[in-house]
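The values are calculated or read from the model by the stated rules, or taken from the named source; none is laboratory data. Because the structure is predicted, anything quoted here is derived from the model rather than measured. The protein model used for the area step is the full one, side chains on, heavy atoms only, and it has no ligands, DNA or RNA in it. Shrake-Rupley method; radii C 1.70, N 1.55, O 1.52, S 1.80 Å.
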Amino acid sequence: MNNIILIGFMGCGKSTVGFRLSYRLRRVLEDTDKLIERKEGRSIRDIFALKGEDAFRRMETACLRELLLSQEEKIIATGGGLPMRQENHALLKELGTVVYLRISAKSVWERLKGDTSRPLLQCAEPLARIEELLEKRAPVYEAAADMILDVDGKDMEQVLTELLDRIAEREGEKDSFMKDGRHENENSGY
Ligand code: S3P
C-alpha cells in the first residue's frame, strides 16, 4: 500500500507534520493515538492508568491492522512507542513508506517541558527518561524506516519542504524503476 507513515519519538512533530502533509497532498490524516482514544472513549493518559501500557500496545497493533483494511492512500501519524513492538514492523511496511522524524533528546525536552498528556514522561526526571528511552528506541526507529529526516533546528516549513522533496524523489525513482521493468519485458518478447 502507498500510505505515508510518520514514526519517531514523542514531540518530534508527527501529528503536526502529518496535518500539514495531509493538506498539501490532499490525503486523509489518521493518527493512531486519536483512533485509539476515539475507540476507547478516553484519553491515552486514562488508558495507561486504567488498562496499563501493555493493553495500550495491543491496541496500537490492532489499530495498524484496521488501517490495513482501507484502500485509500493516507497519511498516518503514529504514537512514539508503536515501532517498539516487533510485529508492528511488518504491518508498517505493508502500510507504505515509513518516515522517521529524528529528533535529539534535548529538543524533545525543550518541546515537551511541562506536558502532562504523555504518561511515560510523568516522572521525577523527565529529561533522563527521554534520554534513556530515546537511546533504546533510536536503532529501532532506524530499522523500521524507509526514510530518515532530521528535524532538530528546523522549523515546520523546512521539515515539510524537505519531506515533500524526498517523497517526490522516491516516487520518481519508483516510476523510472517501473519504466525500466516494462522495457525489459518488451525486449524479452512478453
Ligand atoms: C508514547 C507516545 C505517545 C502516546 C503514548 C505513548 C510513547 O504518542 O502514544 O503516550 O511510548 O512514546 P506521541 O508520540 O504522539 O506523543
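The fraction of accessible area contributed by carbon and sulfur in region 32-164 is 49 percent, rounded to a whole number (1.4 Å probe; ligands and nucleic acids excluded). The relative contact order of the chain, computed from alpha carbon pairs under 8 Å that lie at least 6 residues apart in sequence, is 31 percent. The amide H of Met147, built 1.01 Å from its N in the peptide plane, has Val98, Tyr100 as neighbours under 5 Å, considering only residues 5 or more places off or on other chains. Take the Cα radius of gyration of the chain and divide it by 2.2 N^0.38 Å, N being the number of residues; the result is 1.12.
Restricting the calculation to Cα atoms, region 1-114 yields a radius of gyration followed by a Dmax of 13.8, 39 Å. Residues in the chain average 56 Å² of solvent-accessible surface per residue, probe 1.4 Å, ligands and nucleic acids excluded. Checking the a/c ratio against 1.5 first, then a/b against b/c, what shape does the Cα gyration tensor give for region 1-53? Since a/c reaches 1.5 and a/b is larger than b/c, the shape of region 1-53 is classed as prolate. The helix-only estimate of mean residue ellipticity at 222 nm for the chain, built from DSSP H runs of length n ≥ 4 each weighted as -39500 (n - 2.57), is -19000 deg cm²/dmol after division by the residue total.
Please work out whether region 81-173 counts as rounded, prolate or oblate from its C-alpha gyration tensor, where a ≥ b ≥ c are the square roots of the eigenvalues and a/c under 1.5 means rounded, while otherwise a/b larger than b/c means prolate and anything else oblate? Oblate.
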